[in-house]
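The values are calculated or read from the model by the stated rules, or taken from the named source; none is laboratory data. For clarity, every value in this text was computed on a predicted model and none was experimentally measured. Because the Cβ atoms are built from the backbone with ideal geometry, glycine has one as well, and the counts that use them run over all protein chains shown.
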Amino acid sequence: MRAVAWHGKRDVRVDTFPDPKIEHPTDAIVRITSSGVCGSDLHLYEIMGPFMEAGDILGHEPMGIVEEVGSAVTNLATGDRVVIPFQIACGHCFMCDRGLHTQCETTQVREQGMGAALFGYTKLYGQVPGSQAELLRVPQAQFGPIKVPEGPPDDRFIYLSDVLPTAWQAVAYADVPEGGSLVVLGLGPIGDMACRIARHLDVARVIGIDLVPERLERARTFGVEALDLREYDTDIVKVVRDLTEGRGPDSVVDAVGMEAHGAPVAKVAQHITGFLPDALATKLMEKAGVDRLTAFHLAIELVRRGGTISLSGVYGGQADPLPMLTLFDKQIQLRMGQANVKRWVDDILPLVSDDSDPLGVESFATHRLPLEDAPRAYEMFQKKQDGAVKVLLQP
Ligand SMILES: NC(=O)c1ccc[n+]([C@@H]2O[C@H](COP(=O)([O-])OP(=O)(O)OC[C@H]3O[C@@H](n4cnc5c(N)ncnc54)[C@H](O)[C@@H]3O)[C@@H](O)[C@H]2O)c1
Ligand SMILES: [Zn+2]
Ligand SMILES: [Zn+2]
């Protein structure tokens, strides 16, 4: 089969691999019809190299058609149309029972001290071959795959794999009080969708912040007050306070993560780790602060006293200096983590099945490209060229 493989910093290629086979009774093989490119893939593309190996297959936002199931998979049959959550979870352990599928105790990557295995996501998360491919082996298929009906285009359902539950969890964890206000930092796919969900759930005031004009414009069409960071720079805190009765918003979602613009020191550290031999670079990333914490610091500044910050942007360093004094003094509540996909699917399914398409999923992708164009897709998405916000790869 053909699949997108990581080869080095900003170097992905489409290579030929042996077709995956059923390895365990709980596996399924799915023929992929679409797989998204995610902001999390960009971390692998740019700075997570020390945790990657040349030939690792990328991708974790898939849907497709079941080709074959293992003997223990009784809920699926050949020909079923399915969306696959980005995390691999068993559905029956202590953590899964509590809706914490990204902490699944059956698939936890214990040798790395990490949570549940993820598709296409570094040695830290089990080095499981990803979904930007013609075929995908799906472990724990007795639980993970979400069956969806035939008929509507892939765009209706594909975001159940990651974007929708991640954005939903971001808003749920932000815990905006009734009549309250929410700031969403970053209007990439995750932040954009978090804004739409917040508006749909009747959050009274949603303010989005980014620095890419077409991303700001997309948010505005969903009733978001979108502010261009380039226009306000450090005044942004004052501007937002003025919009929120002088206190700051009740809640802030950080949908930016470790590659925020505007943090020169950490950018140098990230650049250095990109060029060190892997063993040294891994140590440096694990032991030192390499995140660009600009967005998180801004969230801490912005949020009102006693408010809540919900982090969905991914961070990766172990010793990043944090303003503990401010966090403590402002009595800020902080929630974060990879999204627990199946925890939110029942809330979201009715919305993506609704003819009126309240979250605008049918027009959410800006580009649909053949799998073979993956190198261009990554470059375009990373550099935000050609209006790229969400790219789907279609084998
Ligand atoms: N928690 C999860 O389960 C989960 C799932 C998917 C993605 N993510 C993470 O969410 C984040 C966003 O993903 P995405 O797909 O939307 O990617 P993205 O890279 O397209 O989005 C990031 C956005 O932040 C903007 N930005 C950069 N610096 C900023 C700053 N200082 N202030 C405000 N905005 C800034 C960028 O212009 C961009 O639009 C990534 O870190 C990704 O890894 C987390
Ligand atoms: Zn993702
Ligand atoms: Zn489990």
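The table below gives the values:
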| item | result |
| --- | --- |
| Residue among G208, G257 that alone is assigned to a loop (DSSP other than H, G, I, E, B), crowded, with 20+ Cβ neighbours inside 10 Å and among the small types (G, A, S) | G257 |
| Candidate set from the range 233-244 (those that are away from ligand 1 (no atom under 11 Å from the Cβ) and of a type outside the set (A, V, I, L, M)); member that is modelled with the lowest pLDDT | T234 |
| Residue check, Y125 buried (at least 19 other Cβ atoms within 10 Å of the Cβ) and within 16 Å of ligand 3 (Cβ to nearest atom) | yes |
| The lone exception for L124 - which of (1) part of a loop (DSSP other than H, G, I, E, B); (2) farther than 30 Å from G307 by Cα; (3) not charged (D, E, K, R) it fails | (1) |
| Hey, A141 surrounded by fewer than 24 Cβ atoms within 10 Å (Cβ to Cβ), farther than 14 Å from T33 by Cβ and away from ligand 2 (no atom under 16 Å from the Cβ) or not | no |
| Hey, A116 within 16 Å of ligand 2 (Cβ to nearest atom) and modelled with pLDDT of 95 or more or not | yes |
| Unique match (being surrounded by fewer than 17 Cβ atoms within 10 Å (Cβ to Cβ) and away from ligand 3 (no atom under 16 Å from the Cβ)) among A54, A3 | A54 |
| Selection from the range 170-190 of residues that are within 7 Å of ligand 1 (Cβ to nearest atom) and under 14 Å from T308 (Cα atoms) | L185 |
| Filtered residues of the range 153-195 (kept if farther than 22 Å from P85 by Cα and either among the charged types (D, E, K, R) or in contact with a Pro (Cβ under 9 Å, 6 or more places away or on another chain) (or both)) | D175, V176, E178, G180, S181, L182, V183 |
| Qualifying residues in the range 220-243 (those that are among the β-branched types (V, I, T) and surrounded by fewer than 21 Cβ atoms within 10 Å (Cβ to Cβ)) - the one farthest from V303 (Cα to Cα) | T221 |
| Options T74, T16: the member that is without any contact (Cβ under 8 Å) to a residue 60 or more places away in the chain and surrounded by fewer than 18 Cβ atoms within 10 Å (Cβ to Cβ) | T16 |
| Options G208, G191: the member that is out of contact with any His (no Cβ under 7 Å at 6 or more places or on another chain) and touching a residue at least 40 places away in the same chain (Cβ under 8 Å) | G191 |
| Single match in V14, V73, V4, V30 (criterion: assigned to a loop (DSSP other than H, G, I, E, B), away from ligand 1 (no atom under 16 Å from the Cβ) and of a type in the set (V, I, T)) | V73 |
| Pairs with Cβ under 7 Å, 6+ apart, first in the range 320-349 and at pLDDT below 95, second among the hydrophobic types (A, V, I, L, M, F, W, C) | D320/L293; P323/I300; T326/I300; L327/I300 |
| Counted residues, the range 380-395 - those being among the hydrophobic types (A, V, I, L, M, F, W, C) and part of a helix (DSSP H, G or I) | 2 |
| Subset tally (residues that are at pLDDT 95 or above and in a loop (DSSP other than H, G, I, E, B)) for the range 98-113 | 9 |
| Which listed residue is under 30 Å from G317 (Cβ atoms), of a type outside the set (G, A, S) and in contact (Cβ under 8 Å) with a residue 60 or more places away in the chain, from T107, T102 | T102 |
| From A194, A170, residue being under 17 Å from V314 (Cβ atoms) and touching a Ser or Thr at 6+ places or on another chain (Cβ under 7 Å) | A170 |
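One line per residue, one yes/no per condition, for (1) surrounded by fewer than 22 Cβ atoms within 10 Å (Cβ to Cβ); (2) among the basic types (K, R); (3) over 18 Å from R137 (Cβ atoms); (4) within 16 Å of ligand 3 (Cβ to nearest atom):
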position: G59; (1), (2), (3), (4): no, no, no, no
position: P62; (1), (2), (3), (4): no, no, no, no
position: V83; (1), (2), (3), (4): no, no, no, no
position: A89; (1), (2), (3), (4): no, no, no, yes
position: M95; (1), (2), (3), (4): yes, no, yes, yes
position: R98; (1), (2), (3), (4): yes, yes, yes, yes
